[in-house]
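Encoded as structure tokens, the structure appears first; notes follow it.
The values are calculated or read from the model by the stated rules, or taken from the named source; none is laboratory data. In this text the structure is predicted, and so the values were computed from the model without any measurement. Heads up, the Cβs are rebuilt from the backbone with ideal geometry, glycines too, and the neighbour counts pull from every protein chain shown. Areas reflect the complete protein model, heavy atoms only, side chains present, ligands, DNA and RNA absent. Shrake-Rupley method; radii C 1.70, N 1.55, O 1.52, S 1.80 Å.
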Amino acid sequence: MLDAVLNFLSNGLTGASWVAMLVFLLVMTQLTIFTVTLYLHRSQTHRGVDFHPALANFFRFWGWLTTGMVVKEWVAVHRKHHAKVETEEDPHSPQIYGIKKVFWDGVSLYRDASYIKEDLEKYGRGTPDDWIERKLFGGHPYWGPTLMLLIDLALFGVIGAAIWAVQMIWIPFWAAGFVNGIGHWWGYRNFESADTATNLAPWGVWIGGEELHNNHHAFPSSAKFALRKWEFDIGWAVICALRAVGLAKVMRVAPTLDIRPNVHLPDAETLKAVLTHRF
Ligand SMILES: [Zn+2]
Ligand SMILES: [Zn+2]
């Protein structure tokens, strides 16, 4: 009996090797990254892409299970960031709070912003408000990560607690700290937007394409973040794959530069393009 208990504590149900645990961790955290960038950010916040209800509900479940973040709160805080960027009202501007605060403690800035009730109403419109949102995902956000802890412990024994801890700091670190902090502080800029947003790298692979934060601020509702020939956005690659199998519908992408070598003076088409761009 004691042997069985000790064996369970050290190996869990799977007796997985270190390599298997690392692969598991990577798959879990990347799925969470995709949930944040594709569902919370590009779809719910900016409406650049729509997902099939089955997939949208999977994303909702996954976000709840692995982060405990509430869709309406996330959307409201992020929309406010775009609306008030780099002002006193921006929930997490490194220009206002300093890069150290946003990078290391971005999660408490997010939490404080998510407590502002009138902002939730003002900026959180159009997010899920059904039975399961009220009773479970939004009503009991901490049950998700608690269930995740039990799953990790069951699969791997006590080491599962460490795997769980890494899962729990993944989004606070890479999204709240890295994108919100460094993404407004260091990197290159394609667009002279009125904010300080930067592209962290031309190949957005590790944080789901969120690396291209300057491009995103220039065209917030574009489902595609890579805008130059040499840039790559893994989130957009996934959207294209999902679209090919009927699980995603792209609503908006940023316009591409249209050069007409045979036209030397502005004409009616140029005027139309300028007006469309302005409005
Ligand atoms: Zn930003
Ligand atoms: Zn955004």
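Taking 0.36 nm per intervening residue step and subtracting the Cα-Cα distance, what contour gain separates PHE61 from LYS117 on full extension?
Working: separation 56, 0.36 × 56 = 20.16 nm, distance 2.36 nm.
Taking PHE61 through LYS117 to full extension adds about 17.8 nm, to one decimal.
Between helix 159-171 and the chain, what is the angle of the helix's C-alpha long axis to the longest principal axis, kept within 0 to 90° and rounded to the nearest 10? The two axes meet at around 20 degrees. In the chain, what percent of the accessible surface is made up of carbon and sulfur (1.4 Å probe, ligands and nucleic acids excluded)? That share works out to 67 percent. For the pair segment 46-96 / segment 202-279, the C-alpha centres are spaced 20 Å from each other. Based on protein heavy atoms only, segment 2-278 ends up with 53 Å² per residue of surface accessible to a 1.4 Å probe. All Cα-Cα distances of segment 86-147, cut into 10 Å bins from zero to the largest, leave 19, 37, 30, 13 percent in each bin in turn.
Pairs of C-alpha atoms in segment 131-195 farther apart than 14 Å represent 71 percent of all such pairs. For TRP203, the amide hydrogen comes within under 5 Å of the amide hydrogens of PHE232, counting only partners 5 or more places away or on other chains and with H modelled in the peptide plane.
Over all distinct Cα pairs, what is the inverse of the mean 1/r for segment 77-222, reported as the Kirkwood hydrodynamic radius in Å? Walk me through the intermediate numbers first.
On the way: mean 1/r = 0.0592 Å⁻¹.
One decimal place: 16.9 Å for the Kirkwood radius.
Using the alpha-carbon atoms, what tilt in degrees (0 to 90, nearest 10) does helix 143-156 show relative to the longest principal axis of the chain? That works out to roughly 60 degrees.
To the nearest µm²/s, what D does Stokes-Einstein give for segment 188-279 at 20 °C and 1.002 mPa s, using the Kirkwood radius over alpha carbon pairs as Rh? Before the final figure, lay out the partial values.
Numbers: Rh = 14.7 Å.
It diffuses with D of about 145 µm²/s by this estimate.
Checked against a 32 Å cut-off, the cross-linked pairs LYS80/LYS224; LYS101/LYS249; LYS101/LYS122; LYS135/LYS224; LYS100/LYS135; LYS80/LYS100 give Cα-Cα distances beyond that limit for LYS101/LYS249; LYS135/LYS224; LYS100/LYS135.
Computed over the chain, the P(r) tail beyond 36 angstrom holds 21 percent of alpha carbon pairs.
Calculate, for VAL158 and LYS135, the FRET efficiency according to 1/(1 + (r/R0)^6) with r their C-beta to C-beta distance and R0 25 Å; round to the nearest 0.05.
On the way: r = 32 Å, r/R0 = 1.29.
The computed FRET efficiency comes out at 0.20.
Across segment 19-26, computed HN-Hα scalar couplings (Karplus, 6.51 cos²θ - 1.76 cosθ + 1.60, θ = phi - 60°) run 4, 4, 5, 5, 4, 4, 4, 5 Hz from first to last residue, x flagging Gly and Pro.
Computed from Cα atoms, the angle from the helix 99-114 axis to the main principal axis of the chain rounds to 80 degrees.
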